[in-house]
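Working notes for the structure below.
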Amino acid sequence: SFLLYAVSFSFYGFATSSFGLLLVASWLYGMGEAFRSGCHKAMIIAWLERENMLRHKTFLYSRTRSFSNLGSAVNAVLAITLITFLPNHSTIIFKASILPMLADFAMVWTYPSYMNDTARLLPTNDDN
């Protein structure tokens, strides 16, 4: 999903006069959002289960959401600052957004391999 975000931001950055590129950028962003939604929470819960700390689910998830919202607020202030002081901000903003997305992609790449094991998370027929 991070890769889709990065590609969509590059399309937004280069789509200054092309409606078709804007459509492609929006579609890519939507696909990234669709893949991302719920993944972070599932990863947190999988880690808590593995560490036998599921009782801390509400605290940890709410803490991560708080920091996520704080990051969004800081990003909004930075974006307003860039838009205010940069003469050609329409393309620079989206191009600059590619770097954090690629950093996020690199961070996710370093997650433990057991996070990729979805077979244990799928429902089984043992309950029947």
Inset, instruction - Ignoring everything but the protein chains, give the 1.4 Å probe accessible area of V77 in square angstrom, nearest 10. - result: 90
Legend entry - Ranked order, Y114, Y5 - accessible area, probe 1.4 Å, largest first: Y114, Y5
Inset, instruction - Consider the candidate values [x] -0.79, -1.24; [y] -0.91, -1.29; [z] -1.04, -1.37; state which one is log10 I(q)/I(0) by the Debye sum over Cα atoms at q = 0.17, 0.22 Å⁻¹ computed from the structure displayed. - result: [z]
Inset, instruction - Could you tell me which of A103, Y5, N69 has its Cα farthest along the dipole of the chain towards the positive end, charges placed at Cβ (Lys, Arg +1; Asp, Glu -1), taken about the Cα centre? - result: N69
Legend entry - Net dipole in debye of the chain [+1 Lys, Arg Cβ; -1 Asp, Glu Cβ; about Cα centre; nearest 20]: 320
Inset, instruction - Quantify, in whole percent, the carbon and sulfur part of the accessible surface of the range 2-74 (1.4 Å probe; protein heavy atoms only). - result: 66
Inset, instruction - Subtract the Cα-Cα distance of K57 and I80 from 0.36 nm times their separation in residues, and report this length gain in nm to one decimal. - result: 4.8 nm
Inset, instruction - Counting only heavy atoms of the protein chains, get the accessible area per residue of the range 2-122 (1.4 Å probe) and round it to a whole Å² value. - result: 71
Inset, instruction - Could you calculate the contour length gain from F67 to Y114, that is, 0.36 nm times the residue separation minus the distance between their Cα atoms, to one decimal place in nm? - result: 14.4 nm
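The values are calculated or read from the model by the stated rules, or taken from the named source; none is laboratory data. As the structure is a computational prediction, the values presented were derived from the model and not from experiment. Positions of Cβ are backbone-derived with ideal geometry, glycine not excepted, and every protein chain shown enters the neighbour counts. The protein model used for the area step is the full one, side chains on, heavy atoms only, and it has no ligands, DNA or RNA in it. Shrake-Rupley method; radii C 1.70, N 1.55, O 1.52, S 1.80 Å.
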